[in-house]
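Note sheet for the following structure.
The values are calculated or read from the model by the stated rules, or taken from the named source; none is laboratory data. Nothing here was measured: the structure is a model prediction, and the numbers come from that model. Please note: Cβ atoms are built from the backbone with ideal geometry, for glycine as well, and neighbour counts cover all protein chains shown.
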Amino acid sequence: MSRRGRAVAFLLAATLAAAAAAAIADGYGDSVVRGYGELRPVLIAAGELQAGTAIDPRVAAEDMEVRRVPIRFAPPGALASPREAVGLTPTVAIPRGSYVLATLLRTAQPPRADGALARGRRPVEILVEGAGALSAFGAQPVGSRVDVVVTAEPSGSGDGRTYVAASAVPLLALTPGGEGGQGEATATLGLTRPQALRLIAAQSFARSVTVIPR
């Protein structure tokens, strides 16, 4: 057989092997469904989750993964997506490879008395970008103070205006928001009435509303 003929034969054999492997995998998946029931996504800790340390968007992306298991084997309360865990805090250490269960998580602790909102401030939810930067150095973002920067859409041929709409405001909570884009979240901020009105209005016309750690 010529060299060209051997190459064609090898390519054909490889194609047939790939098709056979795919068929076997599909058949195995179907047999699992028939034998154990439908599959559902479950959230698994890809790295150890520390007790008392809130899960931020970075931890959710790097230390969690989704797997599919038969419904009958999925433990009650197993989360299905990393987004569901953002902003929550493990009550105990969750080892690598373990299911992430709702019963092992709690909402972030409310601010202590010495960190309570000053008079005239109220909690307000704002859809923001840049949430990932809040924990870039391993800091716990909830309870810290942030600046909120608004970038308006350009007017005519000019550039969009960027300005600080609220400075050094307390971050009370942080949860996934919007379409789940990277770094996008719903931030609960302690705002004065003018700050709240300014930021609520900005959400309807601004190109972006970004939180920056101080």
Restricting attention to region 59-115, report how many residues are part of a strand (DSSP E or B), among the basic types (Lys, Arg) and modelled with pLDDT of 85 or more. 2
Kindly indicate whether any position in region 167-174 is exposed (fewer than 15 other Cβ atoms within 10 Å of the Cβ), at pLDDT 85 or above and more than 16 Å from the chain's Cα centre (by Cα). yes
Step by step: first the residues of region 116-126, then only those that are at negative phi and loosely packed, with under 12 Cβ neighbours inside 10 Å, then the one that is modelled with the lowest pLDDT. Which residue is that? 118
Of the residues that make up region 62-75, is at least one closer than 23 Å to residue 144 by Cα, surrounded by fewer than 13 Cβ atoms within 10 Å (Cβ to Cβ) and out of contact with any strand residue (DSSP E or B) (no Cβ under 6 Å at 6 or more places or on another chain)? yes
